[in-house]
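Structure first, commentary second.
The values are calculated or read from the model by the stated rules, or taken from the named source; none is laboratory data. No experiment lies behind these values; they were computed from the predicted model shown. Heads up, the Cβs are rebuilt from the backbone with ideal geometry, glycines too, and the neighbour counts pull from every protein chain shown.
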Amino acid sequence: MISQKSVQEIIETAKVEDVVSDFVSLKRRGVNMIGNCPFHNEKTPSFTVSPQKNIYKCFGCGQAGNPVSFVMEHEGFSYPEALRYLAKKYGIQLEETGNREDNLKERQLIDSLYIVNDFAKKFYEKQLLETDLGRSIGLSYFKERGFREETIKKFELGYAPSKGDSLTVAAVHQQYSLDVLRKVGLANQYGKDFFRGRVMFPIRNLSGKVIGYGGRILDSRKKTAKYMNTPETEIYNKSKVLFGIYHAKKAIRQLDNCILVEGYTDVISLNQSGIENVVASSGTSLTQGQIALVKRYTPNITILYDGDAAGVKAALRGLDLVLEQGLNVKVVLLPDGEDPDSYVQKMGTTAFKEYLETQAQDFILFKTSLMLKETANDPIKKAQLIKNIVGSIARIPDPIKRSVYVRECAGLMDMNEEVLINETNKIVHGLVKKSVQDNAPQPEEPIGQKEPVQTPSKVAKVKNDEFQEKDIVRILIEHGTEEVDENLTVAECVLSDMQDLLHDFENPLYQKFVRTYHTAFATGKVLTQQDLLHHQDLDIQKLTVNMLSFPYNYSENWVNRYEKPLESRVVLKVYFKKDMLSSINRFKLKKIIKMYKKNQERLKNFPIDNMEEMMRILKVQQRLIDIRGKLAELLKTVVLE
């Protein structure tokens, strides 16, 4: 494990403008720098880098962070990998903590697995391109599939000879350990090659390192699996990998859509045709790990199916998991007998893209239409269909989207909309109950027919409440360490003045932030902006960046004409004490008004025979009115709603 001392050195050394400039062309604009966002496709630059604050923020797609998070997002690195990348860039000698010998052995093992996989990749490539057997069997197969030479080299395809130990013998001869070959899944327990007589597809992680292989048998006479994958290893977990993601991630971000196909050749063929935002699940139903991988780059996924009805229905059963993660799912059904590989070669790139655009159907509506064909004039089957469709709709976390789907499906199935709403709500309630038990993310409130999911007044009210909470968070982030008076910081002033209200934050993110901040404060530490920007909780990191980011710069006239420093939020920085007191009082006023209304409701329905309790509540109510009046006077406001 990298020591905290080394982590801190990297954080203090890494300059966001240096790191981002390695990947993005930046231009100076005031105190900031701007460029085209590397995380989505844009013509007008909205990607802003702040050297002063050491952060970046795209005001188009919302991506934001610090130098470490930029490397993680852009290169697909884990946190330790990003730290090592930056340490190498700045020539920082890393210090390891814990059992140094164990850490070293673990790192050496992981490095060895990557190195041996790279050796195998070159071995298989050489066998494919430079041996008579490889060219006659493997290369001819790829050529028959229509793969050009540059495509074969781009994906570094290869061939594993039929001889039982060709790779193993070559690796051992080059001083590679047989034990490492076994651990990486290239040799079996008997010292023989795991892959034999197969064309080879290297599988890469997000940073481009080979972590495993897929192998296709070419001899149909052999009674063995058509495709084989590397067994689970320290670096390869099939449920967390998508074939082609390394080559596709940039296009997925730019096009804001991920195309999902079934096989390796489908990915390669579409990529060769210029359709690069495509990945494969390698013949398995999508897993949570794979869905999370897609979600890092886009919320939109388009799934291509061939025309086999049985295969489509089997695949549809696994897509509820995608809906649960909040992705927008579309389905494209190819003509009978076609797969993405064959169809793009037959139609050509332009026609294929047009087909995708015109034939893409929403998943729920596609599933409903498909199953309706099988339920004609059969009430029992139709009832089963309704339960199936409603089961899928209920898994969508957004209640507004759920209500739209209910309305659309009710029309398609010629059903009473209220019946579908009731059935959907039953399942939603069940999922909420289960998610509470499992401590899993909960779906939002059930939909209703008579009362809209969110009325405009409700939306405004929520935002208004959150604004007060957000302002307190902003004050702590921007000015927490600054001194209000001698030996009294903004953080001390805010937290002591609001001690009884710290648990009244309604927005979960702001509540998490305040609790985290207060916990650190209770141990004697005031969290600085750098502490928050590099906090172990990514939600707090992103919240801090968003609070510190500002999309505008003051005109150069501030310097040239008015001799004012060219920096954002000048007024707030000069008058932060007034800003702080105003925010605290507005927050208090909001909470007092809520408490007053709650008490007022209690009084309306309070039993008249309990006069003693009623008098107590009335005294509390009068006290709330007095506090409300004083706060309103301090804020010089007469509008209390």
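Only one entry in E106, E150 is farther than 24 Å from E232 by Cβ and under 35 Å from the mean Cα position of the chain (by Cα), namely E150.
D179 passes every criterion in (1) closer than 28 Å to L293 by Cα; (2) surrounded by fewer than 16 Cβ atoms within 10 Å (Cβ to Cβ) apart from (1). The set of residues in region 268-293 that are out of contact with any His (no Cβ under 8 Å at 6 or more places or on another chain) and under 20 Å from E357 (Cα atoms) comprises S269, L270, Q272, S273, G274, I275, N277, V278, V279, A280.
Just give me the residues in region 242-276 being crowded, with 24+ Cβ neighbours inside 10 Å and part of a loop (DSSP other than H, G, I, E, B), in sequence order. Selection gives L242, G244. For region 356-394, a residue qualifies if it is surrounded by fewer than 20 Cβ atoms within 10 Å (Cβ to Cβ) and outside any helix (DSSP H, G or I), and the qualifying residues are A360, Q361, D362, K373, E374, T375, A376, N377, D378.
Just one of (1) in a helix (DSSP H, G or I); (2) at pLDDT 75 or above; (3) among the charged types (D, E, K, R) fails for K525. It is (1). Reported count of residues in region 165-176, each being surrounded by 15 or more Cβ atoms within 10 Å (Cβ to Cβ) and part of a loop (DSSP other than H, G, I, E, B), is 2. Being surrounded by 13 or more Cβ atoms within 10 Å (Cβ to Cβ) and either touching a residue at least 60 places away in the same chain (Cβ under 8 Å) or assigned to a helix (DSSP H, G or I) (or both) narrows it down to one of Y159, Y141, so name that one. Residue meeting the stated conditions: Y141. Restricting V453, V459 to those that are at pLDDT below 75, aliphatic (A, V, I, L, M), over 21 Å from V545 (Cβ atoms) and not in a helix (DSSP H, G or I) reduces the list to V453.
Checked against (1) of a type in the set (D, E); (2) in a helix (DSSP H, G or I); (3) outside the structural domain of V210 (by TED's automatic domain parsing); (4) at pLDDT below 85, E81 meets all criteria but (4). When region 118-130 is limited to residues that are touching a helix residue (DSSP H, G or I) at 6+ places or on another chain (Cβ under 9 Å) and of a type outside the set (G, A, S), the one that is nearest to G208 (Cα to Cα) turns out to be F119.
Being under 29 Å from G274 (Cα atoms), at pLDDT 85 or above and touching a strand residue (DSSP E or B) at 6+ places or on another chain (Cβ under 8 Å) holds for only one residue in L319, L327, and it is L327. Within region 185-229, restricting attention to residues that are of a type in the set (F, W, Y) and either modelled with pLDDT under 85 or more than 18 Å from Q290 (Cα to Cα) (or both), the residue that is surrounded by the fewest Cβ atoms within 10 Å (Cβ to Cβ) is Y190.
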